1. Might you check whether a residue that is over 16 Å from residue 284 (Cβ atoms), crowded, with 16+ Cβ neighbours inside 10 Å, in contact with a strand residue (DSSP E or B) (Cβ under 9 Å, 6 or more places away or on another chain) and at pLDDT below 95 occurs anywhere in region 234-254?
2. Looking at region 190-199 only, could you name the residues that are more than 14 Å from residue 164 (Cβ to Cβ) and surrounded by fewer than 20 Cβ atoms within 10 Å (Cβ to Cβ)?
3. Within region 121-129, identify whether any single residue is outside any loop (DSSP other than H, G, I, E, B), modelled with pLDDT under 95, touching a strand residue (DSSP E or B) at 6+ places or on another chain (Cβ under 6 Å) and not assigned by TED's automatic domain parsing to the domain that holds residue 12, and answer yes or no.
4. Taking region 83-116, which residues are closer than 26 Å to residue 187 by Cβ and assigned to a strand (DSSP E or B)?
5. Kindly list the number of the only condition in (1) in contact with a strand residue (DSSP E or B) (Cβ under 8 Å, 6 or more places away or on another chain); (2) farther than 30 Å from residue 215 by Cα that fails for residue 114.
6. Yes or no: residue 103 surrounded by fewer than 24 Cβ atoms within 10 Å (Cβ to Cβ) and modelled with pLDDT under 95?
7. Testing residue 226 on (1) over 27 Å from residue 167 (Cβ atoms); (2) surrounded by 15 or more Cβ atoms within 10 Å (Cβ to Cβ); (3) touching a strand residue (DSSP E or B) at 6+ places or on another chain (Cβ under 7 Å), one condition comes back false. Which one is that?
8. Pull up region 184-204, narrow it to residues that are part of a helix (DSSP H, G or I) and more than 17 Å from the chain's Cα centre (by Cα), then point me to the one that is nearest to residue 230 (Cα to Cα).
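The values are calculated or read from the model by the stated rules, or taken from the named source; none is laboratory data. What you see is a predicted model, and the numbers here were worked out from it, not measured in a lab. Quick reminder, even Gly has a Cβ in these numbers, built from the backbone with ideal geometry, and neighbours come from all protein chains shown.
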């Protein structure tokens, strides 16, 4: 069951930059010392970050990993606008104002045996966070993570040593962190990156699902984060196979605490359609309520 979010659960803290690494495609991996946020963040949570002290508007950033013990959070982001390009210039030791954790997370327990996690672009971080949570908390559950990107992945892929039935020969590229955790992953791209599946994430997901019998398919549930067209395709795939699916929406937002209603989306409810705020009513929603089939 998803957790409700109130302003009382959101911290405001000055976070110190512990590391800040650049990758191809204007991608950056940021580790912040933010102990209050690290203590209560859940898979699907995000922070609202001030990229530079002179910029009044904050930017929403998904959380990729946390350490409650050491008090850090990890953020993967792409520099594509004025704010994030300013953020890319920030150095180790500097402080950033952040609000967090914010948002309704992915479900936290009672997983089916074969969770399928699908991330695209800057939607990768919540899938890593959820993978780590499932690994730590769920027994006899075997996640499969599919990641897609049209720019170089922000890590050096490795040939997976975890074999999966039905996966095309030659599709062997995996995320090293997930591989180290013993979690199956495969990478997809249309850019002919070595070892990657040549197609969309939903194409590979369909191949994997079609390699199962109907009983095995019913052990699957889908979780996804990424660009809206990808999420719409994932929702359609889940509906076609009759599988539950949660998606995390990406949306521009101003306040991130539910006050401005600048990030609303139409969601189907038991009482008919309603406008919901992505920041505090989401960002995680049941896919069928956002993209009814």
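1. no
2. Start the filter on region 190-199 by keeping residues that are more than 14 Å from residue 164 (Cβ to Cβ), which leaves 190-194, 196, 198-199.
Once the filter is applied, which keeps residues that are more than 14 Å from residue 164 (Cβ to Cβ) and surrounded by fewer than 20 Cβ atoms within 10 Å (Cβ to Cβ), region 190-199 yields 190, 191, 192, 193, 194, 198, 199.
3. Of all residues in region 121-129, those outside any loop (DSSP other than H, G, I, E, B) come to 121-129.
Now drop any that are not modelled with pLDDT under 95, which leaves 121-123.
The next check asks that each one be touching a strand residue (DSSP E or B) at 6+ places or on another chain (Cβ under 6 Å); those that pass are 122-123.
In the following step, the residues that additionally are not assigned by TED's automatic domain parsing to the domain that holds residue 12 were identified as 122-123.
The answer is yes; a qualifying residue exists.
4. Matches in region 83-116: 114, 115, 116.
5. Condition not satisfied by residue 114: (2).
6. Numbers: surrounded by fewer than 24 Cβ atoms within 10 Å (Cβ to Cβ): no; modelled with pLDDT under 95: yes.
Considered against the rule, which asks whether it is surrounded by fewer than 24 Cβ atoms within 10 Å (Cβ to Cβ) and modelled with pLDDT under 95, residue 103 comes out as no.
7. Condition not satisfied by residue 226: (1).
8. Filtering region 184-204 down to residues part of a helix (DSSP H, G or I) leaves 201-204.
Narrowing the set further to residues that are more than 17 Å from the chain's Cα centre (by Cα) leaves 203-204.
Working: 203: 11, 204: 13 Å.
That would be 203.
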